[in-house]
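Accompanying notes for the structure given below.
Please treat every number below as a calculation from the coordinates, not as lab data. Note that this is a predicted model, so its numbers are computed, not measured. Cβ sites come from the backbone with ideal geometry, for glycine too, and all protein chains shown count toward neighbours.
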Amino acid sequence: MRGNDEADLRAARQELRKAERVVVFTGAGVSAESGVPTFRGKDGLWKRHRPESLATPQAFRRDPRLVWEWYGWRRDLIVGCEPNPAHLAIAQAQLESDARIHVVTQNVDGLHELALRSVLGQGREPPERLRPLEIHGSIYRSRCTACGREIADRSVIDASRLESLPTCLECHGLMRPAVVWYGEALDSTLLDTAFTLAAEADICLVVGTSALVHPAAAIPRATIAGGGSLIEVNPNPTPLSPSAALSLLGQAGSVLPRILP
Ligand code: BV8
Ligand code: ZN
């Protein structure tokens, strides 16, 4: 079924209600309406910067100042963004369904976690089992290139000089963003968990991803291989669309509150 009419939305809502286990797999599009630029859209991040020049270990070795300048700019931008109705609908559904819904995200913006906290309220910690699997890491974590120590890090980055870049409190080594760059392996435990959850899921709800980046893009396909089905939410078709039982052509912020919880 294609398109985004009322019948499709109703079908999606029914399927999601019926499903025993759901994985919500998200990409940059779920955060677009929060003001976080996507990667490959018309105003995409890669438009202003080539990925090869910024999101690779080689680029960081060659010019750590430039790479930190980009991540510092992104962190400053993202820290001012709020979860949008799509993040909130997912968080609400997770809390109401008590762990039958898991989130696997390619995003490093922390907005799924923020949505959980906002729905829980009173500064309560989200239970571990509901927290999103951030398979590409987090822009709010940094790792030492010398000793590997990883810390939560929301600091404002001064990338004006090499000497002002963040260094490790333990060994004074240069810190780097704790995100997965191109050519780097993803955390194998996180990736295995994501594939297992997807393989066991009755439905993988795929929201806001161009499904071009691997191995992440293979995760929704594990649901199909496991006998489950895909529901896709994206204003544009993607390589996953032909395999989707339902492809809802729309913005996450307007579609998700109509199909969840
Ligand atoms: C690796 C973190 C090997 C950093 C990112 C096959 C198998 C394995 C690897 C490869 C392979 N083929 C190619 C590769 C190499 C490469 C790759 O996939 N390249 C692609 C570009 C072809 N993969 C890798 O390098 C990976 N590592 O393979 O290592 C290895 C193995 C063992 C040992 C050593 C090495 C690592 C990839 C991770 C790269 N890091 N990010 C950072 O964020 O700075 S990827 C980056 O792209 C982001 O994480 C982003 O999330 C991700 C995917 O992009 P999307 O999220 O989909 O965003 P995009 O802009 O593309 O699309 C947005 C979508 O939203 C669009 O469809 C749009 O229509 C839609 N949309 C817009 N508005 C809305 C909306 N939808 C809903 N509502 C809206 N309002
Ligand atoms: Zn160190």
note = Here the FRET efficiency for ASP158 versus ASN236, based on Cβ atoms and R0 = 51 Å and rounded to 0.05, is 0.85
inquiry  = Only sites in a loop by DSSP and with at most 12 other Cβ atoms within 10 Å count here; which trypsin sites (Lys or Arg not before Pro) in segment 144-199 make the cut?
reply    = ARG154, ARG161
ask   = Taking the Cα centre of the chain as the origin, how large is its charge dipole in debye, to the nearest 20, when only Lys and Arg (+1) and Asp and Glu (-1) carry charge on their Cβ atoms?
value = 380 debye
query = Considering only VAL22, LEU133, THR145, whose Cα is most displaced toward the positive end of the charge dipole of the chain, charges sitting on Cβ of Lys, Arg (+1) and Asp, Glu (-1)?
reply = THR145
inquiry  = Of all beta bridges DSSP finds with both residues in the chain, what is the antiparallel percent, to the nearest 5?
reply    = 30 percent
query = For the chain, modelled as a GNM with alpha-carbon contacts under 10 angstrom, which of LEU197, LEU240, LEU77 fluctuates the most?
reply = LEU77
ask   = Gain in length, LEU169 to GLU20, computed as 0.36 nm per residue apart minus the alpha-carbon separation, to one decimal in nm?
value = 49.1 nm
request  = Once you have the Cα-Cα distance between TRP73 and ARG258, take 0.36 nm times their residue separation minus that, and quote the gain in nm to one decimal.
outcome  = 63.2 nm
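Grab the Cα-Cα distance for ASP187 and ALA245, subtract it from 0.36 nm times how many residues apart they are, and report the gain in nm with one decimal.
17.9 nm
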task = Arrange the peptides 123-132, 19-28 so that the one whose residues have, on average, the most other Cβ atoms within 10 Å appears first.
result = 19-28, 123-132
request  = Starting from the Cα of GLU96, step 7 Å along the direction of its Cβ; do the same at ARG62; then give the gap between the two resulting points in nm.
outcome  = 5.0 nm
